[in-house]
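Trainee: I'd like to ask some things about the structure below.
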Amino acid sequence: MSELSFEEMLDESLKTIKNGEIVEGTVIDIKEDQIILNIGYKTDGILTKNEYSNDSSIDLTTVAKIGEKMEVKILKVNDGDGQVLLTYKRLAAEKGNKRLDKAFENHEVLKAKVAQIFNGGLSVVVEETRIFIPASLVSDIYEKDLSKYENQEIEFVIIEFNPKRRRIIGDRKQLIIAKKAKLQEELFARIQPGDVVEGTVKNITDFGAFIDLGGADGLLHISEMSWGRVDTPKKVLKIGEPIRVLIKDINGNKISLSLKFEDENPWVYANDKYAVGNIVQGKIARMTNFGAFVELEPGMDALLHVSQISRDHVEKPSDILYIGQIIEAKVMDLNSEDKKISLSMKALETSIPVKKVLEE
């Protein structure tokens, strides 16, 4: 029996490897685009950037250290140049598939950063495995522009898992719906008519505004925005601003809101402030043929009848007065229950003695 040469003995001492085998290697050199590992074979293994991660911007010198142990998979024993090609990402993906399969079966909530945005949805990566979230499952409302999700960490569940067809689908929408349902349940359990709560202006329309109460939206009708007159809600509110509102009514899942707090109701103090005989100031708010309505303060209008404008004959209020004019008048009648006040400018006019008129 012939003696083995040194090279033959060395080959005998080294293990054999095959494609697809999982081995542990030691990092012996690191370059920006590849990692060299000693895998106990006659040639070292090459792990390229493309086979380390799907992230093309990664710098391998920042993710590995010389002497570090790595578990890799043999991609090709001989690439034609005698080199052993390795893969890390495919092994990670296989492990990831097992992890995702379990998450799919258990309906587990996963969290990952958005890796890519398409017209049709988002892509996230979990343990080197790509998961696609269709645009229709990104949110509970339609979002045409998904760019706001770039690099954002989101939660989702896997609703379809078929790695053989490379079809792994995620769903974020159902989590949002479930979260909102829980918040809504909690909100309705703690609020009742008469409560004052904090909210955020969510949307403004011609007839009012929708206020996000943290679980449900409430409607703040234009007629409930002030004790006074509001011409358009957009002059009073801004989207996104915080607001303190009164729960006026709850009907099923509909919430009616108000900004007309009772302690700010001008009619509460009317009997003292606008007692008959008091001299008051106000602003001409609107006019009709029979008189003018004078705003004494927001939410309190008084009638100045055409016959009470002047001692002289007045055909119609607009002959003497104009909208926005500040006038002084005397309170002639007050009915706080019906919220009616009558004024007179004529009562403040000074009478001219008859003798003085004749002398003139």
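The values are calculated or read from the model by the stated rules, or taken from the named source; none is laboratory data. Quick caveat: nothing in here was measured; it's all calculated off a predicted structure. Here the Cβ is made from the backbone with ideal geometry for all residues, glycine too, and neighbour counts use every protein chain on show.
Trainee: Test Val196 against the stated conditions and say whether it is over 30 Å from Lys260 (Cβ atoms) and in contact (Cβ under 8 Å) with a residue 40 or more places away in the chain.
Mentor: Judged against the criteria, Val196 is not a match.
Trainee: Considering (1) touching a helix residue (DSSP H, G or I) at 6+ places or on another chain (Cβ under 9 Å); (2) at pLDDT 90 or above; (3) surrounded by fewer than 18 Cβ atoms within 10 Å (Cβ to Cβ), say which one Tyr88 fails and leave the rest.
Mentor: Only one criterion is unmet by Tyr88, namely (3).
Trainee: Give me a count of the residues in region 52-94 that are part of a loop (DSSP other than H, G, I, E, B), farther than 25 Å from Pro163 by Cβ and of a type in the set (D, E, K, R).
Mentor: 5
Trainee: May I pose another question? If you scan region 121-140, which residues turn out to be outside any strand (DSSP E or B), surrounded by fewer than 19 Cβ atoms within 10 Å (Cβ to Cβ) and modelled with pLDDT of 90 or more?
Mentor: Ala135, Ser136, Ser139, Asp140 - these are the residues of region 121-140 that are outside any strand (DSSP E or B), surrounded by fewer than 19 Cβ atoms within 10 Å (Cβ to Cβ) and modelled with pLDDT of 90 or more.
Trainee: Follow-up. What about Ile36, is it part of a loop (DSSP other than H, G, I, E, B) and either among the hydrophobic types (A, V, I, L, M, F, W, C) or at pLDDT 90 or above (or both)?
Mentor: Judged against the criteria, Ile36 is not a match.
Trainee: Counting only residues that are among the charged types (D, E, K, R) and assigned to a loop (DSSP other than H, G, I, E, B), which one in region 141-176 is nearest to Lys113 (Cα to Cα)?
Mentor: The qualifying residue nearest to Lys113 (Cα to Cα) is Glu150.
Trainee: Additional query: Which condition breaks for Asp212 when tested against (1) loosely packed, with under 13 Cβ neighbours inside 10 Å; (2) among the acidic types (Asp, Glu); (3) under 26 Å from Gly252 (Cα atoms)?
Mentor: (1)
Conditions (1) surrounded by 12 or more Cβ atoms within 10 Å (Cβ to Cβ); (2) acidic (Asp, Glu); (3) touching a Cys at 6+ places or on another chain (Cβ under 7 Å), marked per residue:
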| residue | (1), (2), (3) |
| --- | --- |
| Phe188 | yes, no, no |
| Gly199 | yes, no, no |
| Gly218 | yes, no, no |
| Asp231 | no, yes, no |
| Lys234 | yes, no, no |
| Arg244 | no, no, no |
| Lys248 | yes, no, no |
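Trainee: Let me ask something else. Looking at this structure, is Gln152 surrounded by fewer than 16 Cβ atoms within 10 Å (Cβ to Cβ), in contact (Cβ under 8 Å) with a residue 12 or more places away in the chain and under 30 Å from Ala92 (Cα atoms)?
Mentor: yes
Trainee: Please verify whether region 339-355 includes one or more residues that are at pLDDT 90 or above, over 43 Å from the mean Cα position of the chain (by Cα), charged (D, E, K, R) and assigned to a loop (DSSP other than H, G, I, E, B).
Mentor: Looking for residues that are at pLDDT 90 or above, over 43 Å from the mean Cα position of the chain (by Cα), charged (D, E, K, R) and assigned to a loop (DSSP other than H, G, I, E, B), one finds none in region 339-355, hence no.
Quick grid of which residues meet (1) closer than 26 Å to Val230 by Cα; (2) free of Cβ contacts under 8 Å to residues at least 60 places away in the same chain; (3) crowded, with 16+ Cβ neighbours inside 10 Å:
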position	(1), (2), (3)
Lys273	yes, yes, yes
Gly282	yes, no, yes
Phe290	yes, yes, no
Phe293	yes, yes, yes
Val314	no, yes, yes
Ile327	yes, yes, yes
Met332	no, yes, yes
Ile341	yes, no, yes
Thr350	no, yes, no
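Trainee: OK, next. Name every residue in region 240-264 that is in a helix (DSSP H, G or I) and without any contact (Cβ under 8 Å) to a residue 24 or more places away in the chain, in order of residue number.
Mentor: Correct list: Glu262, Asp263.
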